[in-house]
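Trainee: Below is the structure I would like to discuss, written out as structure tokens.
The values are calculated or read from the model by the stated rules, or taken from the named source; none is laboratory data. Being a predicted model, the structure only gives us computed values, none of them experimental. We place every Cβ from the backbone using ideal geometry, glycine too, and count neighbours over all the protein chains shown.
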Amino acid sequence: MGIIQNLEYLSQLVAVPGYEKDAAEKCSVLFSDWCDQVRVDKFFNVICLKKGYNKAAKRLMITAHIDEIGFLVNSVDDKGFVGITNVGGIDSKILLAQEVIIHGRQDVVGIIGATPPHLLKAEDVGKAVKLRDIRIDTGLCGDELKKYVSVGDTVSLRSKFIKMNDQKVSGKAMDNRASIACMLEILRLLKDVNHENDLIFVASTQEETYLTGVMTASYALRPDAAIVIDTCHGDIPDLPKDVSSTPGKGPEISIGPNLQPRLVSKIFELGKENGIPFQKMVEAGDTGTEAWATQVSAAGIPTALLSIPIRYMHTAIETVNLEDIKYTARMVSEFAKLSSEQLGELLCL
Amino acid sequence: MLIKELTDLNGVSGNENEVREFIIDKIQNLCDSYMVDSIGNIITFKKGGSSKLKVMLSAHMDEVGFIVSGHTEKGFIKFKAVGGIDDRILPGKKVVIGKKKLGGVIGIKPIHQQEREERQKISKIKNLYIDIGADSKDEAEKLAPLGEFIAFDSDFIQLGPDCIKAKALDDRVGCAVLIEALKHSYDFDLYACFTVQEEVGLRGAQVAAYNVMPDVALVIEGTTCADVPDVEKHDYSTILGNGAALTIMDRTCYCDRELVQYLYEVAVQNNIKVQYKQTTTGGNDAGQIQRTGTGVKTASISVPCRYIHSPVSVMDIRDYEAVERLTIAALYQISKDKEFLRQQ
Amino acid sequence: MQETLKLVTQVFGVSGNEDEIRETITNEIKKHVDEIRVDAMGNLIAVKRGKKKKIMLAAHMDEIGVIATFIDDNGFIRFSNVGGVSQLTALGQRVRFRNGTTGTVSKEEKLEDIRGLKLAKMYIDIGCRSREETEKLVRIGDTANFVGDFTVQGNCAISKAMDDRSGCAVLIELIKSLPKTDNEIYFVFTTQEEVGLRGAKTAAFGIMPDCAIALDVTITGDTPECDKREVKLGGGPAIKVKDSSYLAHPAIRRELENLAVENGIPYTLELLDRGGSDPGAIQTTGMGVPCGGISIPCRYVHSPAEMVSLEDLENCVKLTSLFIKNYK
């Protein structure tokens, strides 16, 4: 499958934190075509090993989180309306007139309506809706609904994957399935490459909540270095330049205390040598990604971060340019080809 | 003077190389071995005698500062703060950029040109810029590329009979104490750790403590001191000139009560001036170290520093001496105290 | 249960000062376990040996309180909070220091608008007239807990520190009536939960369990005009789905639900948007520990008059007991 088919398939998987098992298993099937060993651990991280030719060489971990933002049911009323709480950061403004799927005893599609404007209370006019006031309408009456749905069930956004013009696509969970598709592309690029270092690909879980997946996986794996692939903000009219990157111009590569400077410089170098475009982003502290956890895991793991620009992050219309996935994959695959000695040299500060 | 040499160096979090090189030069003959770990901490090891105790001393090398985040068409630098810096202090300050110590100034619109409301308002860092004398974006990018670190430009000077002013007293004072402590010998194994990235979230200490897995840790810090006009006495936190400050509790750590008491008694026995830090705000590496492995007996000894996190931090040199003496006296006491951990 | 609950709720044990409560609990359980140890963070770890899975059961023994930070010339004490202390709940309460010294919490009189009330504008009065007099009783750094007597009315008990001595009481009762199991059970009475889940972190590192269950209190959704929550006083154990520090591992949550259903134990599901608990620190320990929570419905959490149901506590013992027996 090509990138677009993979991405469409991946985007339709549901992996709200705590509900990643099924997606992880499906994802592991995709990876098993390209890797020597694939397993799913107790937190549903998909851990894939592509062996290098030298057993004594370094071990490079490449991670991208598989989970997506979503909700949990916290009330089911007698009329069949369902209340929710969020898992991961979400703007409740996007929820009005949004479709969702409740993953109960069986999947139930629901819609979030809106109070008709002429019936809004005076004090609510002009105010953003609060999540606690959001109700999902399933069309089922209370008793019927309670057969399928109960408090604690996971809710995901329902959104079709669409192709826009040129290389652009849109849908839910591009954050961070774009990066999972990118990892598959990296593996494709490395198919016939005889690389020295062991490469460990991790599709990690619970990033949107507490970075649980990557924390536990990196402690267990103890790689010599880590590359985190995530998404970042694509430029839109209402975002300032210094917090966004332009889709189509390659991965955003972060610079700052959270990243190991020599790994970052090497990536810049590889980009220039191989004609791969990239963009730079300065982060003064926490990058808000898994890199924050990997860097200080166990005895410390030198980490670099590449981000694929997406527009409208944490909505059901996240938009991505496929070129950026390709550029990111090329960049990481070049990095993965480094010899053990080359990588080793980068690790000394 | 060691503190002058240390504060003259620049080491904004994530870019501690200059400080690291200086310290390695100072300590390499004072310890049995040292290593620089994956994140950039220096972990020195000094073998002890018969005691099985592992004691960690920790001071962070990094300081608050800035990082170049963009360039304007006209060649001004846009920047972000690394660590906690009060926006109010920024306009009209001098900075140095990068290894080459390129000079720059944080500009501000002249008062004549400011509207009445503007005069009352605090400029946010995202609206500020640094002028490095570049004429174009290209030139600015060459002189101060993205990601280059920026430190306050401030010299070390004497202030009155007993005080000094410098930048980065937090925590070069701690680094100085550790270097002094390494000149002595103890019965236990000593790990003096010069950590990185404290100011962006106690990052280096987490890794250092994991590598060392000590039984006991003393964190040597520069801490807040608010004994200035317009502050109520009960909000002073520490008082300049009242000696070494012991932390009881802050946001990141409830220090080991017995260890704090032990330090207090060592101070009294050795006629060293000592005070308790009175507020519970702020935090430091102690928080991360204490919760490493199965837990570490941890306490903080600090030098009170007024105007911390600014280019004009002020400390009383006698407070510094008190911290240095207390640290070394405590290490000697622990060294003699065969029952140290058991009686705790 | 009632006697145990009364005993443990009234003992002093502000976060970081868990000595007395640790001793009290030790005395209650030492005859019934194979081993007891205390780690550097002060966690009390009691072990029942077994050959199969290592299960960690955690209840925190610390309670919220205040810490003296300054004593003025007239003998009044300024203080900071230890853990989540609301200024409104604290106002007008009695606090008691470890040595028994009792004081009234009041506020600076000139404060006009109660909404502007801050702990920094409040003080403790222990009835002394000078700094010297106060310092004989209270020193800077001394901690005090809120005074809240233990009362039982019908099925409900009211006291200070139900958070989380009620969880401690559940564990103590469980230890005394332990089911036969080949699993190795670690009963951990953790420290410094209220200041950031600190004890649990080092305890878990020392044990590296296969799974962990926290017994802690949770707020209910059954009081006038409160937010909608399924959890209610007397509704049985609340099985954790999530709080603001972790998501319960789906397998553990399901196992707890199944056990409750099969054994006719009433239960509700807990989704807490604000407030964390020990598994937030335990689950990311080492290579990761699947965690769950059996929560005790508790009204008025972080006040000196926290209310729990004795029946709920008994059901928590039952459910926990079933879990450790059946976990494979």
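Trainee: Any idea how many residues of the stretch A:163-218 are assigned to a strand (DSSP E or B), among the charged types (D, E, K, R) and either within 14 Å of chain C (Cβ to nearest Cβ) or under 18 Å from A:Asp22 (Cα atoms) (or both)?
Mentor: Taking the stretch A:163-218 and keeping what is assigned to a strand (DSSP E or B), we get A:163, A:168-171, A:198-204.
Applying the additional criterion that residues be among the charged types (D, E, K, R) yields A:163, A:168, A:198.
Narrowing the set further to residues that are either within 14 Å of chain C (Cβ to nearest Cβ) or under 18 Å from A:Asp22 (Cα atoms) (or both) leaves none.
Total satisfying the criteria: 0.
Trainee: Which of the residues that make up the stretch B:110-156 are more than 14 Å from every other protein chain (Cβ to nearest Cβ) and hydroxyl-bearing (Ser, Thr, Tyr)?
Mentor: Within the stretch B:110-156, B:Ser123, B:Ser136, B:Ser154 meet the criteria.
Trainee: Hey, C:Ser245 hits all of (1) in a loop (DSSP other than H, G, I, E, B); (2) in contact with an Asp or Glu (Cβ under 7 Å, 6 or more places away or on another chain) but one; which does it fall short on?
Mentor: Going through (1) in a loop (DSSP other than H, G, I, E, B); (2) in contact with an Asp or Glu (Cβ under 7 Å, 6 or more places away or on another chain) one by one, C:Ser245 breaks only (2).
Trainee: I need the full set of residues from the stretch C:255-265 which are more than 10 Å from chain A (Cβ to nearest Cβ) and either closer than 16 Å to A:Gly152 by Cβ or assigned to a helix (DSSP H, G or I) (or both), in order please.
Mentor: Going through the stretch C:255-265, the residues more than 10 Å from chain A (Cβ to nearest Cβ) turn out to be C:255-256, C:258-265.
Within the stretch C:255-265, C:Glu255, C:Leu256, C:Asn258, C:Leu259, C:Ala260, C:Val261, C:Glu262 qualify.
Trainee: Any chance you could count how many residues in the stretch A:330-345 are closer than 22 Å to A:Pro277 by Cβ and in contact with a strand residue (DSSP E or B) (Cβ under 9 Å, 6 or more places away or on another chain)?
Mentor: If we filter the stretch A:330-345 for residues that are closer than 22 Å to A:Pro277 by Cβ, which is where we start, we get A:330-338.
Going one step further and asking which of them are in contact with a strand residue (DSSP E or B) (Cβ under 9 Å, 6 or more places away or on another chain), we end up with A:331-332, A:335-336, A:338.
Total satisfying the criteria: 5.
Trainee: For residues that are polar (S, T, N, Q) and within 18 Å of A:Gly300 (Cα to Cα), scanning just the stretch B:1-52, find the one that is farthest from the other protein chains (Cβ to nearest Cβ). Steps first, answer last, please.
Mentor: Of all residues in the stretch B:1-52, those polar (S, T, N, Q) come to B:7, B:10, B:13, B:15, B:17, B:28-29, B:33, B:38, B:41, B:44, B:50-51.
Next, only the ones that are within 18 Å of A:Gly300 (Cα to Cα) stay: B:13, B:15, B:17, B:38, B:41, B:44.
Values: B:Ser13: 5, B:Asn15: 8, B:Asn17: 8, B:Ser38: 4, B:Asn41: 8, B:Thr44: 16 Å.
Filtering first and then ranking leaves B:Thr44.
Trainee: Looking at (1) more than 18 Å from the chain's Cα centre (by Cα); (2) among the hydroxyl-bearing types (Ser, Thr, Tyr); (3) at pLDDT 95 or above, find the lone condition where B:Tyr236 falls short.
Mentor: Just one mismatch for B:Tyr236, condition (3).
Trainee: Just checking, which of B:Gly40, B:Gly49 is on the phi < 0 side of the Ramachandran plot and assigned by TED's automatic domain parsing to the domain that holds B:Ala208? Give the derivation first.
Mentor: On the way: B:Gly40 fails: on the phi < 0 side of the Ramachandran plot.
Only one candidate qualifies: B:Gly49.
Trainee: Also, quick follow-up: Might you let me know whether the stretch B:80-93 holds any residue that is within 25 Å of A:Thr287 (Cα to Cα), away from chain A (no Cβ under 14 Å), in contact (Cβ under 8 Å) with a residue 60 or more places away in the chain and under 30 Å from the mean Cα position of the chain (by Cα)?
Mentor: yes
Trainee: Examine the stretch A:184-204 for a residue that is of a type in the set (D, E, K, R), over 29 Å from C:Val289 (Cα atoms) and in contact with a Pro (Cβ under 8 Å, 6 or more places away or on another chain), and state whether such a residue exists. Outline the logic, then answer.
Mentor: The first filter runs over the stretch A:184-204 and keeps only residues of a type in the set (D, E, K, R), leaving A:185, A:188, A:191-192, A:196, A:198.
When the remaining residues are screened for being over 29 Å from C:Val289 (Cα atoms), the result is A:185, A:188, A:191-192, A:196.
Now restrict to residues that are in contact with a Pro (Cβ under 8 Å, 6 or more places away or on another chain): none.
No, that holds for no residue.
Conditions tested, residue by residue: (1) at pLDDT below 95; (2) away from chain B (no Cβ under 11 Å).
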| residue | (1), (2) |
| --- | --- |
| A:Val243 | yes, no |
| A:Gly248 | no, yes |
| A:Phe268 | no, no |
| A:Ala298 | yes, no |
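Trainee: For the stretch A:83-105, indicate whether the set of residues that are surrounded by fewer than 23 Cβ atoms within 10 Å (Cβ to Cβ), touching a residue at least 12 places away in the same chain (Cβ under 8 Å), more than 24 Å from A:Val14 (Cβ to Cβ) and not basic (Lys, Arg) is non-empty.
Mentor: Among the residues of the stretch A:83-105, not one is surrounded by fewer than 23 Cβ atoms within 10 Å (Cβ to Cβ), touching a residue at least 12 places away in the same chain (Cβ under 8 Å), more than 24 Å from A:Val14 (Cβ to Cβ) and not basic (Lys, Arg), which makes the answer no.
Trainee: Next question. Starting from residues that are buried (at least 23 other Cβ atoms within 10 Å of the Cβ) and touching an Asp or Glu at 6+ places or on another chain (Cβ under 6 Å), keep the ones in the stretch B:244-289 and report whichever is nearest to the other protein chains (Cβ to nearest Cβ).
Mentor: Among those residues, the one meeting the criterion is B:Asp285.
Trainee: Of the residues in the stretch A:61-84, how many are outside any strand (DSSP E or B) and at pLDDT below 95? Full working, then the answer.
Mentor: Within the stretch A:61-84, the first condition is being outside any strand (DSSP E or B), and the residues that meet it are A:66-69, A:77-80.
Filter once more, keeping what is at pLDDT below 95: A:77-80.
Selection size over the stretch A:61-84: 4.
Trainee: What tally of residues in the stretch B:200-221 results from selecting those that are at the interface with chain A (Cβ under 7 Å from one of its Cβ atoms), in a loop (DSSP other than H, G, I, E, B) and aliphatic (A, V, I, L, M)?
Mentor: Narrowing the stretch B:200-221 to residues at the interface with chain A (Cβ under 7 Å from one of its Cβ atoms): B:200-201, B:203, B:206-207, B:210-211.
Among the residues that remain, those that are also in a loop (DSSP other than H, G, I, E, B) are: B:200-201.
So of that shortlist, the ones also aliphatic (A, V, I, L, M) come out as B:200.
The total comes to 1.
Trainee: Answer with yes or no whether A:Ala304 is in the same structural domain as A:Leu221 (by TED's automatic domain parsing), farther than 16 Å from A:Lys326 by Cα and modelled with pLDDT under 95.
Mentor: On the way: in the same structural domain as A:Leu221 (by TED's automatic domain parsing): yes; farther than 16 Å from A:Lys326 by Cα: yes; modelled with pLDDT under 95: no.
In short, no.
Trainee: What is the residue count in the stretch B:111-135 for residues that are in a loop (DSSP other than H, G, I, E, B) and either outside the structural domain of B:Ile85 (by TED's automatic domain parsing) or among the polar types (S, T, N, Q) (or both)?
Mentor: Step one: of the stretch B:111-135, the residues in a loop (DSSP other than H, G, I, E, B) are B:114-115, B:121-124, B:128-129, B:132-135.
So of that shortlist, the ones also either outside the structural domain of B:Ile85 (by TED's automatic domain parsing) or among the polar types (S, T, N, Q) (or both) come out as B:114, B:123.
The total comes to 2.
Trainee: Follow-up question, since we're still on this one. Any residue in the stretch C:78-92 that is among the polar types (S, T, N, Q), part of a strand (DSSP E or B) and either buried (at least 24 other Cβ atoms within 10 Å of the Cβ) or more than 14 Å from every other protein chain (Cβ to nearest Cβ) (or both)?
Mentor: So the first thing to find is which residues in the stretch C:78-92 are among the polar types (S, T, N, Q), and the list is C:80-81, C:86-87, C:89.
Adding the requirement that they be part of a strand (DSSP E or B) leaves C:80-81.
The next check asks that each one be either buried (at least 24 other Cβ atoms within 10 Å of the Cβ) or more than 14 Å from every other protein chain (Cβ to nearest Cβ) (or both); those that pass are none.
Scanning the stretch C:78-92, I find no residue that is among the polar types (S, T, N, Q), part of a strand (DSSP E or B) and either buried (at least 24 other Cβ atoms within 10 Å of the Cβ) or more than 14 Å from every other protein chain (Cβ to nearest Cβ) (or both), so the answer is no.
Trainee: Here's a follow-up. For the stretch C:42-54, does any single residue satisfy the condition of being surrounded by fewer than 18 Cβ atoms within 10 Å (Cβ to Cβ) and part of a helix (DSSP H, G or I)?
Mentor: no
Trainee: Checking B:Val55 against (1) out of contact with any Asp or Glu (no Cβ under 8 Å at 6 or more places or on another chain); (2) over 28 Å from B:Leu143 (Cβ atoms); (3) buried (at least 22 other Cβ atoms within 10 Å of the Cβ); (4) within 14 Å of another protein chain (Cβ to nearest Cβ), which test does it fail?
Mentor: Unmet condition: (1).
Trainee: Look at A:Ser254 and say whether it is within 12 Å of another protein chain (Cβ to nearest Cβ) and under 17 Å from the mean Cα position of the chain (by Cα).
Mentor: Details: within 12 Å of another protein chain (Cβ to nearest Cβ): yes; under 17 Å from the mean Cα position of the chain (by Cα): yes.
In short, yes.
Trainee: Name the residues in the stretch C:34-86 that are among the polar types (S, T, N, Q) and in the same structural domain as C:Glu108 (by TED's automatic domain parsing), would you?
Mentor: Of everything in the stretch C:34-86, those that are among the polar types (S, T, N, Q) and in the same structural domain as C:Glu108 (by TED's automatic domain parsing) turn out to be C:Thr69, C:Asn74, C:Ser80, C:Asn81, C:Ser86.
Trainee: While we're on this one: Which members of the stretch A:32-60 meet the condition of being touching a helix residue (DSSP H, G or I) at 6+ places or on another chain (Cβ under 6 Å) and within 14 Å of chain C (Cβ to nearest Cβ)?
Mentor: Answer for the stretch A:32-60, where residues must be touching a helix residue (DSSP H, G or I) at 6+ places or on another chain (Cβ under 6 Å) and within 14 Å of chain C (Cβ to nearest Cβ): A:Val40, A:Phe43, A:Phe44, A:Asn45.
Trainee: Checking the structure you have, find out if any residue of the stretch A:173-188 is in contact (Cβ under 8 Å) with a residue 24 or more places away in the chain, under 17 Å from A:Pro309 (Cβ atoms), touching a helix residue (DSSP H, G or I) at 6+ places or on another chain (Cβ under 7 Å) and of a type in the set (Asp, Glu). Full working, then the answer.
Mentor: Filtering the stretch A:173-188 for residues in contact (Cβ under 8 Å) with a residue 24 or more places away in the chain gives A:173-188.
With the extra rule that they be under 17 Å from A:Pro309 (Cβ atoms), the set shrinks to A:173-182, A:185.
Filter once more, keeping what is touching a helix residue (DSSP H, G or I) at 6+ places or on another chain (Cβ under 7 Å): A:173-174, A:177-178, A:180-182, A:185.
Okay, now just the ones that are also of a type in the set (Asp, Glu), so A:185.
Scanning the stretch A:173-188, I find at least one residue that is in contact (Cβ under 8 Å) with a residue 24 or more places away in the chain, under 17 Å from A:Pro309 (Cβ atoms), touching a helix residue (DSSP H, G or I) at 6+ places or on another chain (Cβ under 7 Å) and of a type in the set (Asp, Glu), so the answer is yes.
Trainee: Mind listing whichever residues of the stretch A:85-101 are over 21 Å from A:Asn45 (Cα atoms), of a type in the set (A, V, I, L, M) and assigned to a strand (DSSP E or B)?
Mentor: Listed by number, the residues that qualify are A:Val100, A:Ile101.
Trainee: Let me ask another. Residues being polar (S, T, N, Q) and either in the same structural domain as A:Arg188 (by TED's automatic domain parsing) or within 17 Å of the chain's Cα centre (by Cα) (or both): count how many of those fall in the stretch A:32-85.
Mentor: Residues of the stretch A:32-85 polar (S, T, N, Q): A:32, A:37, A:45, A:54, A:63, A:74-75, A:85.
Imposing the further condition that a residue be either in the same structural domain as A:Arg188 (by TED's automatic domain parsing) or within 17 Å of the chain's Cα centre (by Cα) (or both) reduces the set to A:32, A:37, A:45, A:54, A:63.
Of the residues in the stretch A:32-85, 5 are polar (S, T, N, Q) and either in the same structural domain as A:Arg188 (by TED's automatic domain parsing) or within 17 Å of the chain's Cα centre (by Cα) (or both).
Trainee: Please enumerate the residues belonging to the stretch A:111-144 that are touching a residue at least 40 places away in the same chain (Cβ under 8 Å) and not charged (D, E, K, R).
Mentor: A:Leu131, A:Ile134, A:Ile136, A:Thr138, A:Gly139, A:Leu140, A:Cys141, A:Gly142
Trainee: Would you check which residues across the stretch A:312-349 are closer than 17 Å to A:Leu7 by Cα and among the β-branched types (Val, Ile, Thr) and list them?
Mentor: A:Thr315, A:Ile317, A:Thr319, A:Val320, A:Ile325, A:Thr328
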